[in-house]
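Reading through the structure tokens given below for one structure.
A short reminder: the numbers here are calculations on the coordinates, not readings from a lab. Please read all numbers here as calculations on a predicted model, not as lab measurements. Note: ideal-geometry Cβ built from the backbone for every residue, glycine included; neighbour counts use all protein chains shown.
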Amino acid sequence: MQDLFQTIVNGLLMGGIYSIASIGLTIIFGTIKIVNFAHGEFIMVGMYFTYLTWSLFGGLDPFIGMAFTLPAMFIFGAACYLFVIEPILLGKKNDASLIFATVGLSQVPELL
């Protein structure tokens with residue numbers, strides 16, 4: 001019975017992560033018409049950054065660690081937009097350029 005309860009809780013938590021990711025993709029595509037293939041990697045980097053704050057500060061609650069993660073990820077996302085996406089948009093390139101740029105951004109965490 002405990003395994004069933006744990007499976008249900010794990011499914012709900014994973015579903016919550018998937019729904020947050022899909023809402024983010026919908027907002028990005030709905031506002032600036034960019035399909036961001038690096039969205040999952042941005043989520044992964046944010047999760048690892050939160051884990052880093054947890055491990056560095058001796059078991060800091062992840063919700064408190066988000067006070068460090070949110071500004072850091074905002075700066076990271078703004079830098080990616082300013083240095084990768086905006087030059088393509090201002091140069092009036094085709095949609096394939098944006099796709100290649102976001103796929104390239106998705107490969108950056110693998111280099112780290």
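Charging the Cβ of each Asp and Glu at -1 and of each Lys and Arg at +1, and nothing else, the dipole of the chain about its Cα centre rounds to 360 debye.
Subtracting the Cα-Cα distance of VAL35 and ALA67 from their residue separation scaled by 0.36 nm leaves 8.7 nm.
Size descriptors for the chain: radius of gyration and Dmax over Cα atoms are 16.9, 59 Å.
Simple rule: put +1 on each Lys or Arg Cβ and -1 on each Asp or Glu Cβ in the chain, find the dipole, and look at LEU105, PHE29, THR7; the Cα lying farthest toward the positive end is PHE29. Subtracting the Cα-Cα distance of GLU86 and LEU12 from 0.36 nm times their residue separation leaves 23.0 nm of extension gain.
With the highest mean first, a sort of the peptides 45-52, 7-14 on other beta-carbon atoms found within 10 angstrom per residue produces 45-52, 7-14.
What is the distance in Å between the Cα centres of the stretch 1-40 and the stretch 59-82? First find each Cα centre; the distance between them is then 18 Å. On the basis of the beta-carbon distance and an R0 of 22 Å, PHE57 and LEU25 show a calculated FRET efficiency of 0.10.
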